[in-house]
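Just so it is clear, none of the values below were taken in a lab; they were calculated from the coordinates. Note that the structure is a prediction, hence the values are computed from the model and not measured. Cβ atoms come from the backbone with ideal geometry, glycine included; neighbour counts cover every protein chain shown.
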Amino acid sequence: YAVHSFTPGSKALSATTTLGTQYESVALNTGRTLSQNLIGGLPNIGTGTAVQVAEDIENIKDVGVFGQEEVLTLDERLLLTVGVRGDQSSANSDSKTLSWYPPAAASYRFPVLTGIVDELKLRAAYGESGNRPLYGQKFTTLTALNIEGLPGLAPGLSTSAADLRPERQREFETGFDARLFKNRATLEFTWYQKTITDLLLQRTLSPSTGYLSQFFNGGTLRDRGVEASLTVVPYARKSLDWSFTASAYHDSGIITHLPVP
């Protein structure tokens, strides 16, 4: 990635631009051997009465591009951030299309307000992210068969929707940070809401379709809550700092919509 910083001569603001790309390739080859009724003192899997061998091969390629602009101005009190990220994955049904996820954030620090509050910062942020399907969920896998001594292949019992795509999470949060009693205490409060759409689910199909289950996108999950934290420094010296923190949160999640099977 590349980072460029810009500060004009007046120093009225400073801007930081970030551009980059990301490539990830995952190759997984897992072999499993299961043997039952082994003879004591002879740890050889070939001596068991029932030996099962399995192998799992996975190959996933992910590509991402991102850009972000950050501006600090008004005597370094106002911070604005905006960006975008695009992700492409071979695990999606459409492996050539980029899915775009925008983030944005803003915060402002107020100067000394009273004898108790040293500084108050208000903040708000919004962002989106994705969760791609697992490897193989977009395929109808083949199963090896032995029919009257002849090897063959047959479709598996699970299939997928033709437009399988990542889950999308949208989150908004707002709150404040307050420094109190000449930096002897810090109070933080946050309210947030997450909404996840296009949930990756599996449903049961009628046996007459030729399959027993199907992976698909559907449904909406909402998560909403508040968080609060208080840090107090009752003793601070060069040789010793003593502080303690208390925090509390309340969270409520609910499924707002599920598709009809």
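Give me the percent of Cα-Cα pairs in the range 106-261 that sit more than 20 Å apart, rounded to a whole number.
Numbers: 8280 of 12090 pairs.
More than 20 Å apart: 68 percent of the Cα pairs in the range 106-261.
Subtract the Cα-Cα distance of GLU227 and SER90 from 0.36 nm times their separation in residues, and report this length gain in nm to one decimal.
Length gained, GLU227 through SER90: 45.6 nm.
Specify whether the C-alpha gyration tensor of the range 78-153 places it in the rounded, prolate or oblate class, a ≥ b ≥ c being the square roots of the eigenvalues: rounded for a/c under 1.5, otherwise prolate if a/b is larger than b/c and oblate if not.
prolate
Before anything else, pin down the relative contact order of the range 34-140: Cα pairs under 8 Å, at least 6 apart, normalised by residue count, whole percent.
Relative contact order for the range 34-140 comes out at 19 percent.
Lys and Arg at +1, Asp and Glu at -1: add these up for the other residues within a Cβ distance under 13 Å of ASP118 and post the number.
+3
Of LEU122, GLY219, ILE255, whose Cα points farthest to the positive end of the dipole of the chain (charges on the beta-carbon: +1 Lys, Arg; -1 Asp, Glu; origin at the Cα centre)?
The listed residue farthest towards the positive side: LEU122.
Hey, how many Å between the Cα centroid of the range 206-233 and the Cα centroid of the range 30-49?
Result: 40 Å between the Cα centres.
Return the loop-located chymotrypsin sites (Phe, Trp or Tyr not before Pro) in the range 69-143 (DSSP other than H, G, I, E, B) with at most 16 other Cβ atoms within 10 Å of their own Cβ; answer none if there are none.
Details: sites: TRP100, TYR108, TYR126, TYR135, PHE139; in loops: TYR135, PHE139.
Hits after loop and neighbour filter: PHE139.
From the C-alpha gyration tensor of the range 1-134, pull out the three semi-axes of the equivalent ellipsoid (sqrt of 5λ each), sorted largest to smallest, in whole Å.
Semi-axes from the Cα gyration tensor: 54, 22, 13 Å.
Per residue, how much space in cubic angstrom lies within the convex hull of the C-alpha atoms of the range 121-194?
In the range 121-194, the Cα convex hull volume per residue is 129 Å³.
Which of TYR235, TYR249, TYR192 moves the most in a Gaussian network model of the chain with Cα springs under 10 Å?
TYR235
What per residue convex hull volume, in Å³, do the alpha-carbon atoms of the chain yield?
Once divided by residue count, the hull of the chain is 266 Å³.
Let me check I've understood the local charge: for VAL3, count other residues with C-beta under 13 angstrom from its C-beta, Lys and Arg +1, Asp and Glu -1. What total comes out?
Net charge in that neighbourhood comes out at -2.
Using a Gaussian network for the chain with springs between C-alpha atoms less than 10 Å apart, which of these wobbles most: PRO151, PRO43, PRO133?
Result: PRO43 has the largest fluctuation of those listed.
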